[in-house]
Amino acid sequence: MKQNNELSDMNERLRTMFGFISNDLWNPANEILHKSFGLLNQKGLNQNTVNDIENEIYKSAIEINQLINDILNLSTVMNDKFKLNSSAFNLHDLGSVLENRFDVFAEKLGIEIEINFSSDVVWGDFERIDQVLSNLILNTFKFTKKGGKVMVVNEVKSSNIVIHVKENGG
C-alpha cells in the first residue's frame, strides 16, 4: 500500500514537471514560429525591425537550448550518473570564458556586458559553475532592454567567493 502511494505521488510529480517543461518549451518555440513567419511574410520592413525580430528569434532559440540542456542534466541526475569534477581553477579564467561566449550576443542585443573576476584560485566544478553562471546571464539578458548593462562580479566574503549577476534595466 505504501509503495502504491509513493508511486502515485511520483507519477503526479512527474506529470506536473512535464507540464511545466512542455509550457516552458512551447513558449519560446511558438515565439520562434510566430516571429520567423512574420519575418518571412512581411515586405518592406526596415532594417531595425528585422534586427529586432532576429534578436527575439535568437533569444528564444537560446532559451530552448538552455531548457534542453537542463532536461539532459536532470536525466543524468535521475539516473545517478551525475558527477562533480572538482579541481582548482582561476576565477579570472572563468570570467574570460564567459566574456568570450557572451560578448557578441550582448552586442547583437544592444546590451553591454562587463565581467570582472579577481584572480583568486578556487576549488569547484568549473563546468557546472560555468553552466550556472551562463544560465543566470542568459536570464538576465531576457530582462535587460537595449542600451542596458549586465555586470558579473565576484567578491570575497570570509572564506567564500560570492558572484553577483546584476543588470541596470536599460
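The values are calculated or read from the model by the stated rules, or taken from the named source; none is laboratory data. Since the model is a prediction, treat every value here as computed from it, not as a measurement. Neighbour counts run over all protein chains shown; Cβ positions are idealised from the backbone, glycine included. Ligands, DNA and RNA are stripped out before the accessible areas are found, and what is left, the full protein with its side chains, is counted by its heavy atoms. Shrake-Rupley method; radii C 1.70, N 1.55, O 1.52, S 1.80 Å.
Details
- Relative contact order (percent, whole number), segment 13-74, Cα cutoff 8 Å, 6+ residue spacing: 45
- Cleavage-rule hits, trypsin sites (Lys or Arg not before Pro), segment 30-91, DSSP coil, Cβ neighbours within 10 Å at most 14: Lys43, Lys81, Lys83
- Charge dipole (debye, nearest 20) of the chain; +1 at Cβ of Lys and Arg, -1 at Cβ of Asp and Glu: 360
- Of the chymotrypsin sites (Phe, Trp or Tyr not before Pro) in segment 1-98, the ones in a loop by DSSP (not H, G, I, E or B) with at most 12 other beta carbons within 10 Å are Phe82.
- Relative contact order (percent, whole number), the chain, Cα cutoff 8 Å, 6+ residue spacing: 16
- Normalised contact order of segment 108-170, rounded percent, pairs of Cα under 8 Å and 6 or more residues apart: 40
- Solvent-accessible surface of segment 98-165, taken per residue with a 1.4 Å probe and all protein chains present: 57 Å².
- Lys pairs under 21 Å by Cα in segment 103-170, provided they are eight or more residues apart or on distinct chains: 10
- Among Val77, Val104, Val153: highest mean-square fluctuation, GNM of the chain, C-alpha pairs under 10 Å: Val77
- Rg/Rg_ref, segment 70-169, where Rg_ref = 2.2 N^0.38 Å and atoms are Cα: 1.17
- With K and R counted +1 and D and E -1, the other residues having a Cβ less than 15 Å from that of Asn100 yield a net charge of -4.
- Principal axis box of the chain, alpha-carbon based, largest edge first, Å: 65, 47, 23
- Heavy-atom accessible area ranking, 1.4 Å probe, most first, across His164, His34, His92: His34, His92, His164
- Carbon and sulfur %, accessible surface of the chain computed with the full protein complex present, 1.4 Å: 54
- Taking the helices alone, the chain has a mean residue ellipticity at 222 nm of -22500 deg cm²/dmol, built from -39,500 (n - 2.57) per DSSP H run of at least 4 residues and averaged over all its residues.
- Averaging 1/r over every pair of different alpha carbons in segment 1-81 and inverting the result gives a Kirkwood radius of 15.3 Å.
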